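The values are calculated or read from the model by the stated rules, or taken from the named source; none is laboratory data. What you see is a predicted model; the values in this text were computed from it and never measured. Positions of Cβ are generated from backbone atoms using ideal geometry, with glycine treated the same way; all protein chains shown enter the neighbour counts. Please note that ligands, DNA and RNA were not included when accessible areas were found on the heavy atoms of the full protein model with its side chains. Shrake-Rupley method; radii C 1.70, N 1.55, O 1.52, S 1.80 Å.
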Amino acid sequence: MELIGSPLTATHAHPRLTPTNFLPAISTMASSYKNRFPYYPLPQSFSLPWAPSAYYRTAAINPTLAPFSGSAQGLTPSKMLPFVSNRTSLFTRYTPDDWYRSNLTNYRESETSRHNSENLRVDTSRLIQDKYQQTKKTQTESTKNLGERVNDIDFWKSELCHELDEMIGETNALSDMKRRLERALAETEAPLQVAQECLLHREKRMGIDLVHDNVEKELFTEVDVIRSCQERMQRFLDRAKAQLASNRAAQHEVERDLANKQTAYRIDDKCHHLRNTSDGISYYRGVERVDATISVPDSWAKFTDDNILRSQSERAASAKLRDEIENLLVVTANEMWNQFNSVNVAFTNRIAETADAKSKIQTHLAKTLQEIFQIEMSIEAIRKAIRDKVPPLKVAQTRLDERTRRPHVELCRDSAQLRLVNEVHELDETIQSLQQRLRDAEDTLQTLVRSKAVLEHDLAVKANSLFVDQEKCMGMRKSFPCTARLVGYV
């Protein structure tokens, strides 16, 4: 029977050898921290200070004792340990060769571990340097790209500012031109009113002077010219209002784009100047997975370029419209002035004709009055001549009557009798001829009186026409607007 604790069975009571590789293998150190840091940055608590203990596990040695024999399997550890402790103090467990081999093994493993650790340190240092250079290069490229982006934004911002200034200036110029056009359109009301009132006043002419003369034709033409000018001005005024609305719409787009560019410039300039030591930097987990972009560089540049092109197109249309309005104001002012002068010339000619006719009528009236006076004097002379013929006729007839009382043969048809008879006949014929001449003179007087009445009426008609044309019409036409007012400067 074997003794308890003999070398044959004591090997089962030896404590288990402590594993020589209680630390993780060098070759597996990379696996111990691989994928420990995700792509996004680490939390702040893991960054500083750097603790190597976070990457290693502390080895734990838990030696166990094997049972001495099959009969000792049921014993509790409290009953077995004192005996084992006594036996190990009496007997050796390993041979010197085992001890040397164990030491050599530990040496080799230590050298291997150091070598692996040295390789790991070198690789780690190189990896850290490579990653540092890569990170620095990436950050430099990102900073460079942000700088280029800032320059692009600044370029387009300057273009938008220039275009906005040009558009504001063009809009103001078109607004001034629109106000000029409105003033010029308002100034045409007075000449139109004058022309219409002239036509109404000339309806007060009387008799034969109520004719459709050249003055009336020119007045109708003036009314048509002024109304045509007003229609053209109103059309261009509507176009100016529509163009102003288009200019403001394009200006609004440029202003909104410029405001967006200024905001983007401020943000990108801030990002461009951010450094690793800047304040305000922090973690924003998952932000790289958020794609809020709605444009690409080409569409981004095209959007601003389209806004600028639209603004330039509206500015060109506005400038063209301003030139057209300027030409329109000059043309309409010239047309109205030319027609105004034509009407005035027609009035002047008509007034001269009427004044000449009035002067001739006055001359004829004076001559008629003189002739009436003369014919009246002639009538009185005829009447006196007739009265003067009565006494000689009475004498002759008295003589003949007295000679009829001669006795018998004394009733001789002598020469005295014949002469008295002839005298009576001559006096009768003279009186009859004078009476006929008196009737003719009275008829002539009536004709002259009628002519005088006609001349006086015609003189009144001509005087009325002169008053209408010269006083009423030409008096109003002295207030025709000047050219500066017709083109809207005043």
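Using the alpha-carbon positions of region 348-490, Rg (one decimal) and Dmax (whole number) come out as 32.4, 121 Å. The Cα atoms of region 315-396 define a convex hull whose projected area, averaged across directions, is 6.9 nm². Remark: region 250-317 carries 73 Å² of accessible area per residue (probe radius 1.4 Å; ligands, DNA and RNA excluded). Under 18 Å from a label point set 7 Å out along the Cα-to-Cβ vector of residue 172, the amide N atoms of region 319-342 belong to 319, 322.
Full extension of the segment from residue 410 to residue 299, taken as 0.36 nm per residue of separation minus the current Cα-Cα distance, would add 24.2 nm.
Put a dot 7 Å past the Cα of residue 151, heading toward its Cβ, do the same for residue 470, and the two dots end up 8.6 nm apart. Dipole of region 103-250 computed with +1 at Lys/Arg Cβ and -1 at Asp/Glu Cβ about the Cα centre; of 219, 138, 115, farthest Cα towards the positive end is 115. Between residue 245 and residue 317, the modelled label-to-label distance comes to 1.2 nm, taking each label 7 Å out from Cα in the direction of the beta carbon. Calculated on the Cα set of region 189-322, radius of gyration then Dmax: 32.2, 107 Å. Applying 1/(1 + (r/R0)^6) with r as the Cβ-Cβ distance of residue 140 and residue 118 and R0 = 35 angstrom yields a FRET efficiency of 0.60. With a simple spin-label model that places each label point 7 Å from the Cα along the Cα-to-Cβ direction, the separation between residue 267 and residue 284 comes to 0.8 nm. Multiplying the residue separation of residue 345 and residue 104 by 0.36 nm and subtracting their alpha-carbon distance yields 72.9 nm.
Solvent-accessible area assigned to carbon and sulfur over region 138-289 amounts to 51 percent, based on a 1.4 Å probe.
Per the 1.4 Å probe, what fraction of the accessible area of region 372-451, in percent, lies on carbon and sulfur atoms? Within region 372-451, the accessible surface is 54 percent carbon and sulfur.
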